[in-house]
């Protein structure tokens, strides 16, 4: 690992850098987004996705901050001790309910769209931060790991995935594992283990957007 023995303020501006502290990374991702973009008229697609992302943001009940909105995903984060797993699952369920409610409202028009749902990745680790202009950017291994886990082998459209690191730091680990499915996968950054909690009742029928 590369390191600097000393940082010269005249050479390197470190005033806009937060070295990092422990925190939660919570990524909520829209399932079916790629097919949606390919199969949906451009203007309608932007309207639908913006409304659905706004529903997810509005359903944030745990005071998570937003780092980025990346096309089909929202990267939430929060410094400090992790919430109990049951609280994080309820947060996901609240977002899922809001998402589905909005989808149901979009069923009132005659434009056919592919089905959509949401999934989430919850991770815990050291989160650094730096500023680029007016934007804050998260930094660190934990951030990379959370993004890698979006490309997992869970064959579900609707689930909440919680990593082993988060579970190890959670106060209710023992009582929750029996409700989920455990798995480990190897990525370019190493082996990552997690428990995922699938949700049924996905919108399998075609969605219709309100004109």
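Any read-out appearing in this document is the output of simple, stated calculations on the displayed coordinates, not a laboratory observation. It should be emphasised that the depicted structure is a prediction, and the values quoted were computed from it without experimental measurement. Ideal geometry is used to build each Cβ from the backbone, glycine not excepted, and the neighbour counts take in all protein chains shown.
Each eigenvalue of the Cα gyration tensor of the stretch 19-209, multiplied by 5 and square-rooted, gives one semi-axis; in descending order these are 28, 20, 15 Å. Using R0 = 25 Å, the C-beta based FRET efficiency linking residue 172 and residue 63 works out to 0.80. Going from the fewest other Cβ atoms within 10 Å to the most, the residues 163, 122 appear in the order 163, 122. Look at 40, 178 and count the other Cβ atoms within 10 Å of each Cβ; fewest to most, that gives 178, 40.
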